[in-house]
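Have a look at the structure below, then the notes.
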Amino acid sequence: MKNNIKINELCYATLSKENPNSYETYVSIGGYSAWKKIIANSTKPKDIIDNIIDSGLRGRGGAGFSTGRKWSFIDQNSDEIKYLVCNADESEPGTCKDRDILRFNPHALLEGMLIASYAIGAKVAYCYLRGEFIDDVYSSVKKALKDAYQNKLIGKNILDSNICIDIYDLIGAGAYIVGEETAMLESIEGKKGFPRYKPPFPAEKGLFGCPTIINNVETLASVPEIINKGSDWFNKIGTDKSAGFKCFSVSGHINKPGNYEIPLGTPFRDLLDLAGGVKNNKKLKAVIPGGSSVPVVPGDIMLETNMDYESISNAGSMLGSGAVIIMDEDTNMVEVIHRIARFYYSESCGQCTPCREGTGWMYKIIDKIIKGQATLEDFETLKSIPHMISGSTICALGDAAAMPVESFIKYYEKEFLSYISKKT
Amino acid sequence: MIEKNSYNFSNENENKLNDWILKFPRGQKKPAIIYALHLIQKENKYIKSEHIDAVAKFLDIKKIDVYEVASFYSMFELKKTGKHTVSVCTNISCMLNGSDNILSYIERKLGIKLGDTNEKFFLKDERECLAACCGAPMMQIDHKYYENLTTEKIDKIFDDIENEK
């Protein structure tokens, strides 16, 4: 089975080539032909949006919302200035898929950004990279931008068509919360990254008060090939509701950690095989299938699950960003959730009380548990916190902090209790 | 009157900042704060109050707006740091691959605790995942990535830095 899996055909299509991130390499595999075709044919923006809706492409940043439908929320008839923002603030723990697109196939992203900008009527697009990418990742993007400008694919009067789209690179400065789309808009505007109340949604009132669409790197980098090969091609890959390819970052206790771009709906078993299986021939204990924000899934359930949005949801978790974290039979689950809870406690922006206080309470109690100082009453308190956070905050960070704690307790309560009984 | 401890952007940084501002709609001054602070930190290693004042003056905005950004984003250091910033990732994928041992090894090697600094190195208390999970355990030194760390590799990396002029 595993030999039949098509891997790295879309966003990672240049990875097997020499100088994967060069303009020449991208052009040699048909790069920028979708963009040139759109310009030559003066394709109607609405046709592009319909095409992307039909393809079934869903947001690859975590939420999994239909990309084409998101674009369609922009009022095409409005004269307002519109913006496209590429979310390259990759920071969901376990996720490193976008970094490889940015480093090795940045032109696919730029072409996707051009097509998306054209479709929504934006003349300016921003690519916001997390601050920690300031060295090699940022250099790769800057070089790609320079080459695309030189080849007149971006900028004023693109390929003598009178179409003008500028793409600007931006760099953050370290804040997980800025990956939340409205926090990113605040950050671009030069403020601290506090998520905004919704509504109004960014498509109505976004960056600098103008209609704005924010898409993930992988989402945008998937667009050119859909235009080239057609929505049917993409839609036939994967499952009914989860179409196309998806990049999975497989990390943790795994023999061949790495990014694997595979058809959605591929059995988890096959992905595990592809990544060389659990390290040291150990048994699989648990998997976090979509980044540290999603519920943990016990290994035996995961082994019967396919890698698509619906199957993972049926297994009690979420596909999220596609970060697959593998844990072997010897993993101490209390230590793992202790680390995850520390992260959300550090990264809560502090705007909403349930998240600001709740993430602190959860971390402090788990810390007490791990130090053998907690009572059963503390543990009961811990159990009561997640549902007091979920749904009571402006953005999803609260839920992202609550869900892992809830799931670790659900499946591994005995491990927590063993720390508590040690005390007596 | 001569202002005490005032800071002026170098010509080079002033030009860079003026170019950066062109990315934003005319009249928008705040969006350049993050970049301005990056420029300063690159030059001075950490950000002092006179730097905040200089950014506010240059962009013609309130000092508090600059300070708010400087204090919110974790990459900006407001206390004195050593020449090189070392960030060891200890988030989940790295932790599962022994990052706690890697961090202790580096603490012993540099003779400083997590969060502390000496003249040469600042060992940042990094809480974020640095997006190189498939190369765990990993660290950044001055935001350059070092992946699949072992103690031998770490020795070599720091030897090379020590030997730099």
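Read-outs: derived from the displayed coordinates by stated rules, not from any lab. Remember, predicted model here, so these are calculated numbers, not experimental data. Glycine also receives a Cβ, built like all others from the backbone with ideal geometry; neighbour counts cover every protein chain displayed.
Among the GluC sites (Glu not before Pro) within the stretch A:49-129, which fall in a DSSP loop and have no more than 16 other Cβ atoms within 10 Å of their own Cβ? Mind showing how you got there, number by number?
Values: sites: A:Glu80, A:Glu90, A:Glu111; in loops: A:Glu80, A:Glu90.
Sparse-neighbourhood loop GluC sites (Glu not before Pro): A:Glu80.
Take each complete run of DSSP H in chain A, measure how far its Cα atoms stretch along the helix's own axis, and keep only those covering 27 Å or more with mean Kyte-Doolittle hydropathy at least -0.5; list them. Counting only whole DSSP H runs, the qualifying helices are A:397-422. Taking label points 7 Å from Cα along the Cα-to-Cβ direction, A:Ser42 and A:Lys123 give a separation of 1.8 nm.
For the residues A:Thr14, A:Thr393, A:Thr375, a GNM of chain A with alpha-carbon springs under 10 Å puts the largest fluctuation on A:Thr375.
Of the residues A:Leu84, A:Phe104, A:Leu153, the one whose Cα sits farthest toward the positive end of the charge dipole of the stretch A:1-156, with +1 on the Cβ of Lys and Arg and -1 on the Cβ of Asp and Glu, is A:Leu153. Maximal additional length on extending the A:Asp330-A:Ser313 stretch stands at 3.5 nm, based on 0.36 nm per residue less the C-alpha distance. Model label points for A:Ser33 and A:Lys152, set 7 angstrom from Cα along the Cα-to-Cβ axis, are 2.1 nm apart. Estimated from helical segments only, the mean residue ellipticity of the protein assembly as shown at 222 nm is -13000 deg cm²/dmol, where each DSSP H run of four or more residues counts as -39500 (n - 2.57). Here the spin labels are modelled as points 7 Å beyond Cα on the Cα-Cβ line, and at B:Ile61 and B:Glu12 they lie 2.5 nm apart. Using Cβ point charges alone (K and R +1, D and E -1), the dipole size of chain A about the Cα centre works out to roughly 240 debye. A full extension of the chain between A:Glu189 and A:Ser139 corresponds to an added length of 15.7 nm, given 0.36 nm per residue minus the alpha carbon distance. Of the trypsin sites (Lys or Arg not before Pro) found in the stretch B:76-131, the ones in coil according to DSSP and having at most 14 other Cβ atoms within 10 Å of their Cβ are B:Lys79, B:Lys80, B:Lys83, B:Lys113, B:Lys120. Among the listed pairs A:Lys198/A:Lys368; A:Lys143/B:Lys30; A:Lys410/B:Lys144, those with a Cα-Cα distance over 31 Å are A:Lys198/A:Lys368; A:Lys410/B:Lys144.
Look at the alpha carbon pairs under 8 Å that are at least 6 residues apart: their mean separation over the length of chain A gives a relative contact order of 17 percent. Check cross-link reach from A:Lys36 to the aspartates and glutamates: straight Cα distance under 13 Å, and skip same-chain residues fewer than eight apart. Reachable aspartates and glutamates: A:Glu111, A:Asp160, A:Glu225.
Quote the FRET efficiency, to the nearest 0.05, computed for A:Glu24 versus A:Lys229 with a Förster distance R0 of 25 Å and r equal to the Cβ-Cβ distance. Approximately 0.70, to the nearest 0.05.
When you filter the trypsin sites (Lys or Arg not before Pro) in the stretch A:307-395 for DSSP loop state and at most 16 other Cβ atoms inside 10 Å of their Cβ, you are left with A:Lys371.
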